[in-house]
Structure formats: C-alpha cells, structure tokens
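The values are calculated or read from the model by the stated rules, or taken from the named source; none is laboratory data. Computed from a predicted model, the values in this text were never measured in an experiment. Glycine gets a Cβ as well: all are built from the backbone with ideal geometry, and neighbour counts include every protein chain shown. Ligands, DNA and RNA are stripped out before the accessible areas are found, and what is left, the full protein with its side chains, is counted by its heavy atoms. Shrake-Rupley method; radii C 1.70, N 1.55, O 1.52, S 1.80 Å.
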Amino acid sequence: MIVEEKKGQQLIWGLSIAVIGAVSFLLYNAQQITDANPNIYWIPKINAGLNSATALLLSIGLVLIRQRKWKAHRNVMLGAFVLSSIFLVNYVIFHAQAPQTYFGGEGWIRPVYFTLLISHILLAIFIVPLVLFTLFRAFQGRFEKHRKIARITWPVWMYVAVTGVIIYFMIAPYYPV
C-alpha cells in the first residue's frame, strides 16, 4: 500500500511529536507516577546491550548496502529499528521508576560526560523523525529520497547508539546498588 507523501509526512511528524512528548512527560513526571523501585537497575544493562546490538546492526546494514544486498540490508535495518524501539520502551520504564542518578565524576571527565550526554539527548530527539522518514521512503520504494536521508540518519543513529553505551558505562558506577 503506497501512502501519499504528504499524508506520510504528517503521520511521521505526528508520531514523532507524540513519542517525544510522551517520553518527555513521563521523564519529567516520573517520581509522581510511581515510587522508586530498587530492583530495576538491571534495565540500564539491558539498554546498553540493546544500544550495542543496534550499533552492530547499523554497521552490518552499512556493509550490506555497499554490497548491494538489498533484502539483507532491509532486514538488518528493521532489526535495528526494533531494538531501538525496545530500548525506548525500557528507557521510559526505568526512568519512570528510578530516582534520578547524578554523575559523580570530577575533573576533566565531568565536561566530557555532560558534552556526550547533551549531544546524545538532542540527537536522540532528532533521530525519531529521521528514522521514520528513512523507513517510510524505503517502504514506499522512493529509494533516491531514502538514500539522501539515510546518509544523514545513519551517522546520527550510530552516534546515539554508541554514546548511549558510553554514557551507561560512565553513569553506572553511581547507581545506588
């Protein structure tokens, strides 16, 4: 089924705004939603694994597209999308239940951490519509447009996945367990 480009764009922007708005609302109101649950600190480990696996699939997807293995590329990239979606659900579940964790590093590592964190958060917001537009154009068979946006989406998505893992390893020692 081919969806008209304008309707697809409206759907993607609507979905992107809804997802980003819901995540922001849940994170901002987390402590009002539920009491802290100390048995949830396994979730960030799973999320680091999901981000690592996403980065691996993104790398494989890049290799496959360069080898012109279209079907394998499609399947691997859909896998990356599924893993990123599972990550997002886990992320919200964790942050809706966990008290805020503060980075305790001192010295030169502190600005490094916050630079990574801020760039990661900002690009994670932008990756939602980028990935959706990239997938939409591929599924519509608009491969020239897909290729153009994928050249932007891929490095941003890879950066978000990799920095997510780095941030986990930087903040994990400060979890209260």
Checklist entry - Classify region 42-140: rounded, prolate or oblate, from the alpha-carbon gyration tensor (a ≥ b ≥ c, eigenvalue square roots; a/c under 1.5 rounded; otherwise prolate if a/b is larger than b/c)? => result prolate
Next on the checklist: My understanding is that a pair violates if its Cα-Cα distance is over 22 Å; which of K6/K145; K45/K71; K7/K71; K45/K69; K6/K71; K7/K148 do that in this structure?
Outcome noted: K45/K71; K7/K71; K45/K69; K6/K71
Checklist outcome for this item: With R₀ set to 41 angstrom, the calculated FRET efficiency between the beta-carbons of K45 and R68, to the nearest 0.05, is 0.65
Checklist entry - Pairing the Cα long axis of helix 5-28 with the longest principal axis of the chain, what angle in degrees results, from 0 to 90 and rounded to the nearest 10? => result 10 degrees
Checklist entry - With axes computed from alpha carbons, what is the tilt in degrees of helix 70-97 against the longest principal axis of the chain, rounded to the nearest 10 within 0 to 90? => result 30 degrees
Item to check | Label assignment, Kirkwood radius over Cα pairs in Å derived from the structure, set (i) 17.0; (ii) 18.0; (iii) 17.5 | outcome: (iii)
Item to check | Estimated translational D of region 123-173 in µm²/s (Stokes, Kirkwood radius over Cα pairs; 4 °C; 1.567 mPa s) | outcome: 110 µm²/s
Item to check | Rounded to 10°, Cα long-axis angle of helix 143-171 versus longest principal axis of the chain | outcome: 10 degrees
Checklist entry - For the chain, with every protein chain kept in place, what is the accessible area per residue (1.4 Å probe, Å²)? => result 61 Å²
Checklist entry - What percent do you get for the relative contact order of the chain when only Cα pairs under 8 Å and 6+ apart count? => result 33 percent
Checklist entry - For the chain, which whole percent of the accessible surface, found with a 1.4 angstrom probe, sits on carbon and sulfur atoms? => result 69 percent
Checklist outcome for this item: FRET efficiency for L15 and L123 from the Cβ-Cβ distance with R0 = 22 Å, rounded to 0.05, comes out at 0.75
Checklist outcome for this item: Under the 7 Å Cα-to-Cβ spin-label approximation, I166 and E5 lie apart by a distance in nanometres of 3.7 nm
Checklist entry - L78 to S52: extension gain in nm, 0.36 nm per residue of separation minus the Cα-Cα distance? => result 7.8 nm
